[in-house]
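> The structure under discussion is supplied below as structure tokens; questions concerning it will follow.
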Amino acid sequence: MLVLLIDNHPAVVKGVSSFLKESIPDCQVMSCDSTEEIFSLYTSNKPDIIITEIDFGRGGDALSNIQGFIKEKTSAAVIVYTSYCSSYLMSDLIRKGVMAVISKESLSELLSAVLDIISSSKCVSSQPVVAHNNINYERDPFIILNEREFSFFLSIANGCTIAELKSHYKLSKRTVNYIKSDIRRKLNTQDDIELTKIAIKYGHVQLNTDVSCS
């Protein structure tokens, strides 16, 4: 059995690979650090199972790549594992063909998902990492913004001033204002207070209390 593991953290790749190979004797694991390669790697190697995170880089791009791959109706089973997934995103991924959405905190649940797929059982995650069914997660900044914008968004939500943003990101005041303006446009907000409210609404201030401009 061949597993394609997509993750850009070498330590995580090593840990998950070792865990799977120790738990499943005939398991082989190959890895890459971007969902952009998912089509070419599948075509070249025909993995049985694809395990991919959606936390790295631009979340929206990763989701788009995964969903595009699934639309091709390939035979590989896809498992998403993540440290952040709302009820909405989990339901959407499952509905579009992902076999399981697993919390990164639970390697045992990941192994169970793999074993269930091997035994041809239908496998879905019953425990989303974030469960607020009254929130429209299509508007989550994690999905809408690119990697740099999302980093800026977190910094602004945690109270960073323009001067601090300039220093931290080593950019001019003009560039900082341009990025802030683009973020506000994408999130349909007027000021930093609204950005902070959005961050609180989607749990990003709580989940990223270590974000700082220092």
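> Of all residues in the range 153-171, which are of a type in the set (Phe, Trp, Tyr) and under 16 Å from residue 193 (Cβ atoms)?
153 - this is the single residue of the range 153-171 that is of a type in the set (Phe, Trp, Tyr) and under 16 Å from residue 193 (Cβ atoms).
> Could you grab me the full set of residues in the range 1-11 that are under 15 Å from the mean Cα position of the chain (by Cα) and either surrounded by 16 or more Cβ atoms within 10 Å (Cβ to Cβ) or without any contact (Cβ under 8 Å) to a residue 24 or more places away in the chain (or both)?
5, 6, 7 - these are the residues of the range 1-11 that are under 15 Å from the mean Cα position of the chain (by Cα) and either surrounded by 16 or more Cβ atoms within 10 Å (Cβ to Cβ) or without any contact (Cβ under 8 Å) to a residue 24 or more places away in the chain (or both).
> Give all pairs with beta carbons closer than 8 Å in which a residue from the range 166-187 that is charged (D, E, K, R) meets a residue that is crowded, with 18+ Cβ neighbours inside 10 Å and in a loop (DSSP other than H, G, I, E, B); count only pairs at least 6 apart in sequence or on separate chains.
The qualifying pairs are 186/145.
> Being surrounded by 21 or more Cβ atoms within 10 Å (Cβ to Cβ) and outside any loop (DSSP other than H, G, I, E, B) is the filter; apply it to the range 129-142 and report the residue that is modelled with the lowest pLDDT.
142
> Right, next: From the set of residues in the range 181-214 that are at pLDDT below 70 and assigned to a helix (DSSP H, G or I), which is nearest to the chain's Cα centre (by Cα)?
Checked the range 181-214; the qualifying residue nearest to the chain's Cα centre (by Cα) is 207.
> If you check residue 61 against the conditions, is it charged (D, E, K, R), in a loop (DSSP other than H, G, I, E, B) and assigned by TED's automatic domain parsing to the domain that holds residue 112?
no
The values are calculated or read from the model by the stated rules, or taken from the named source; none is laboratory data. Remember, it's a predicted structure, so these values are computed and weren't measured experimentally. Glycine gets a Cβ as well: all are built from the backbone with ideal geometry, and neighbour counts include every protein chain shown.
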